[in-house]
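Working notes, structure below.
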Amino acid sequence: MGVAKTDSRDREFLRALHQEKITAQNERASYVTKKLAFVTVLFGLSSLNIGVTLSEISRLLYFVPLAAICYDSYIMTADTRVKRIGAFLGRHPSSMAGMLEKEWEGFAATHRSTLAPLTDAALSVVVTVAAAIYLSTMQTAGYDRLSHIAFLSWLAISLCIIMVQWIRHRQLLRKIDCYESYYENPVMVEKLSYH
């Protein structure tokens with residue numbers, strides 16, 4: 001099969017795709033910044049003198065993993081969009097990307113940083129464990145076995161969700177890195193589409 005020609009509608013689509021990639025990169029950076037601000041505020045609450053002790057609002061700490069998981073979802077979704085668009089623009093033969101951009105996309109896919117997604121998940125784990133440690137120190141003498149089981153279940157479920165999110169994100173990135181357009185390898189594309 002030959003390389004498909006690019007008509008005006010395809011060119012407009014590819015321009016929009018470039019813009020979408022930039023938008024997704026900005027969204028990802030914004031979510032990372034918001035998550036870091038959330039963590040900073042969370043850890044800074046104990047040092048502030050706002051007239052309310054942290055022990056009075058400690059039950060709110062049970063929502064910390066939920067907030068971290070939500071931020072991670074947004075960060076990973078934006079990151080996946082960036083990588084998916086980059087792979088398409090860098091590998092599709094009709095892409096308007098120049099040779100340098102295509103080479104960059106191939107280089108980026110080959111030398112992908114595994115530290116960035118791990119850092120997001122690690123920060124979520126640290127925040128969750130810190131909240132759990134603080135909550136466990138706030139337990140009163142009348143703390144019963146059922147409450148202890150509920151606490152441990154909350155902690156285990158929160159950590160499992162964070163890890164499953166991270167594993168799923170890594171799987172998606174690997175799948176994106178294996179992208180080959182139909183024009184490059186029609187048999188491989190058909191095999192990938194069945195999995």
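Since every read-out is calculated from the coordinates, none of them should be taken as a lab result. Bear in mind the structure is a predicted one, so any value in this text is a computation, not a measurement. Here the Cβ positions follow ideal geometry from the backbone for every residue, glycine too, while neighbour counts run over all protein chains shown.
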Order these peptides, 82-90, 29-37, by their mean beta-carbon neighbour count within 10 angstrom, highest first.
82-90, 29-37
Pairwise label distance in nanometres, Trp154 with Phe63, each label 7 Å out on the Cα-Cβ vector:
1.3
Three-way shape call for the range 62-134 based on the alpha-carbon gyration tensor, with the a/c threshold at 1.5:
prolate
Please give the contour-minus-distance gain from Glu101 to Val126: 0.36 nm per residue of separation, less the Cα-Cα distance, rounded to one decimal in nm.
5.3 nm
For the range 96-175, the dipole about the Cα centre with charges only on Cβ (Lys and Arg +1, Asp and Glu -1), to the nearest 20 debye, works out at 240
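Multiply the residue separation of Lys34 and Ser113 by 0.36 nm, subtract the distance between their alpha-carbon atoms, and state the gained length in nm to one decimal.
Additional length available on full extension: 26.3 nm.
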Cα-only radius of gyration and Dmax that characterise the range 107-153, units Å
17.7, 59
